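The values are calculated or read from the model by the stated rules, or taken from the named source; none is laboratory data. The shown structure was predicted, so the numbers you read here are calculated from the model rather than taken from an experiment. Here the Cβ positions follow ideal geometry from the backbone for every residue, glycine too, while neighbour counts run over all protein chains shown. Accessible surface is based on the protein model in full, side chains and every heavy atom, while ligands, DNA and RNA are left aside. Shrake-Rupley method; radii C 1.70, N 1.55, O 1.52, S 1.80 Å.
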Amino acid sequence: MRVRAGSPLNWTHHRARLAADCALLGLACPEESVLLAEIARVAPGESVVKVIVTRGSATRGYAPAGGAATRVVAAFPLPDYPPELGRDGVRVRRCTLILSQQPRIAGAKTLNRLENVLARGEWDDAAIHEGMLCDSARRLIEGTMSNVFVVRGGRVATPDLARCGVVGAQRERVRQWLAAERRECAVRDIEWRELEEAEEVFLTNSLIGIWPVVQFDHRRWKPGPIARALQARLEQDDAQAL
């Protein structure tokens, strides 16, 4: 998560996701007050903070450890993303890696990100900033490090992550904003052709914020009005949180 002056941005959704994922995996979720105090201690300035909760020490094998969970709260420098990526938009590509489906843990952000690592290794062109991933049915799921939104006919949609993928905290924040404005944001299956036929495409995560997509394969766009409005809302909300 992104932290400014010791305060995590979009904390409500980060906390909700951590609690939901811990419950899904049978882990004890750390107390909110403990986490906030530790985040403030490791990140008094502007940083990226990662909170990791594991099952704890165990013997060899897959049986539950049965002991106390291990918690790691660590701070890192912010990634050096040029501001023009949010302003002018980004190029994305289609990854060849196919995401495996496991509905039981779909949506959770676990430490098993091997598929994303392998997918990100498919290109080294610095002009391409993200890769789009699909499942075995060729349904669009997510980016290697982001969630994706498409706009067609003025309607916003984001892929259904009930089979695979990660429910990002920024994704849920954007969905909440759209709902508050009474703008429909469908969570549904999205095929590749819908991405190619979209009027507007944008990506979200907690560190990039919102990136408009301006090129996918041979399809080109200009940053669209919905992404621009959401970027303005993001900047306003983050400023008010401090």
Q.
When you scan segment 98-117, do you find a residue that is open to solvent by less than 80 Å² (accessible area, probe 1.4 Å), touching a strand residue (DSSP E or B) at 6+ places or on another chain (Cβ under 7 Å) and part of a helix (DSSP H, G or I), even just one?
A. yes
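Would you please name the residue that is nearest to E191 (Cα to Cα), looking only at residues in segment 126-142 that are of a type outside the set (A, V, I, L, M) and open to solvent by less than 70 Å² (accessible area, probe 1.4 Å)?
This residue is R139.
Looking at segment 68-80, which of its residues are free of Cβ contacts under 8 Å to residues at least 40 places away in the same chain, out of contact with any Lys or Arg (no Cβ under 8 Å at 6 or more places or on another chain) and not charged (D, E, K, R)? Full working, then the answer.
Step one: of segment 68-80, the residues free of Cβ contacts under 8 Å to residues at least 40 places away in the same chain are 70, 72-74, 76-77, 80.
Those still in the list that are out of contact with any Lys or Arg (no Cβ under 8 Å at 6 or more places or on another chain) too: 77, 80.
Listed by number, the list holds a single entry, P77.
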(Q) For segment 56-65, check the following and say yes or no: at least one residue is touching a Lys or Arg at 6+ places or on another chain (Cβ under 6 Å), assigned to a loop (DSSP other than H, G, I, E, B) and either open to solvent by 50 Å² or more (accessible area, probe 1.4 Å) or over 18 Å from G168 (Cβ atoms) (or both). (A) yes
Q | When residues of segment 13-51 are limited to those that are free of Cβ contacts under 8 Å to residues at least 40 places away in the same chain and of a type in the set (V, I, T), the one surrounded by the fewest Cβ atoms within 10 Å (Cβ to Cβ) | A | V34
**Q.** R171 being basic (K, R) and either modelled with pLDDT of 95 or more or in a strand (DSSP E or B) (or both)
**A.** yes
Q. Out of the residues in segment 143-160 that are open to solvent by less than 10 Å² (accessible area, probe 1.4 Å) and without any contact (Cβ under 8 Å) to a residue 40 or more places away in the chain, which is farthest from the chain's Cα centre (by Cα)?
A. A157
Q | Contacts under 7 angstrom Cβ, first residue in segment 163-179 being among the β-branched types (V, I, T), partner open to solvent by 20 Å² or more (accessible area, probe 1.4 Å), 6 or more apart | A | V166/K109; V167/R17
Q: Scan segment 202-240 for residues that are open to solvent by less than 60 Å² (accessible area, probe 1.4 Å) and assigned to a loop (DSSP other than H, G, I, E, B) and jot them down.
A: S206, L207, I208, W221, P223, G224
